[in-house]
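Structure, as structure tokens:
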Amino acid sequence: MNTGQNAAQMKPYDVCGLALFLLALPLISPQSVLGQENKIDVDQFHLEAIDGAEAHASVSTDSPGGQKTAMVVVSKIGLEFWSVELRAAGINFEPGKTYEVKFQAKSTPTQFIYVVPEKTDGNQGSIAEGTTLQIPGDWAECTVVFHTTDTANPGRLTLSGLSANPASYWFTNFSLSQK
């Protein structure tokens, strides 16, 4: 394209090419990925109850703004505090990166949970130090920042410690961004 042309002299394919380039720029620019929030749908989460724990999960719209919500009810605790976990698979993490997870949550009664990114490739270990959060009885904004030490491809985000006591939990509006 001749940069000396004005808009009236540009051919239709020049305008289309420029428009496509401008639309694709965020996709090919490495800086655009940094800090971009990626939504995690609550349908990605899977409930794991082991070691004698009893729990069930469902998806509803009982949240601020009527967004989809993952609800977990723990009716019987297991042998260990991590015997009930809510896991979102299909999330890949790179080593040496800092990530931020944001979500809204509430519990009845108020409870603590443990949030950690993990591998799922056979060696199901943590790839960053987890964070313990107190989940209040009313909807609250939750933010967890972690620095990964290993690759998790495939990986997952795990909400653990749901079986410390019988309780009900609600989670919604998840987003993940690299900082």
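The values are calculated or read from the model by the stated rules, or taken from the named source; none is laboratory data. Quantities reported herein were computed from a predicted structural model and do not represent experimental measurements. Backbone-built Cβ (ideal geometry, glycine too); neighbour counts: all protein chains shown. Only protein heavy atoms, including side chains, enter the accessible area calculation; ligands, DNA and RNA are left aside. Shrake-Rupley method; radii C 1.70, N 1.55, O 1.52, S 1.80 Å.
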Determine the distance separating the Cα centre of segment 65-120 from the Cα centre of segment 36-50; give it in Å without decimals.
8 Å
Along the three principal axes, how long is segment 53-179 when you take its alpha carbons, biggest first, rounded to the nearest angstrom?
36, 36, 21
With every protein chain in place, what's the accessible area of ARG87 (1.4 Å probe, Å², nearest 10)?
50 Å²
Rounded to the nearest 10 Å², the 1.4 Å probe accessible area of LEU159 is 0 Å²
Hey, for a label at ASN165 modelled as a point 7 Å past Cα toward Cβ, could you say which residues of segment 72-107 have their backbone N under 12 Å away?
107
With a 1.4 angstrom probe the carbon and sulfur portion of accessible area for segment 108-179, in percent, totals 46 percent
Leaving ligands, DNA and RNA out of it, work out the accessible area of THR132 with a 1.4 Å probe and give it in Å² to the nearest 10.
90 Å²
How about LYS102: which lysines have a C-alpha closer than 22 Å to its C-alpha, ignoring those fewer than 8 places off in the same chain?
LYS39, LYS68, LYS119, LYS179
Surface per residue (accessible, 1.4 Å probe) for segment 44-179, Å²
45 Å²
Solvent-accessible ranking of GLU129, GLU141, GLU118, GLU94, largest area first, probe 1.4 Å
GLU129, GLU141, GLU94, GLU118
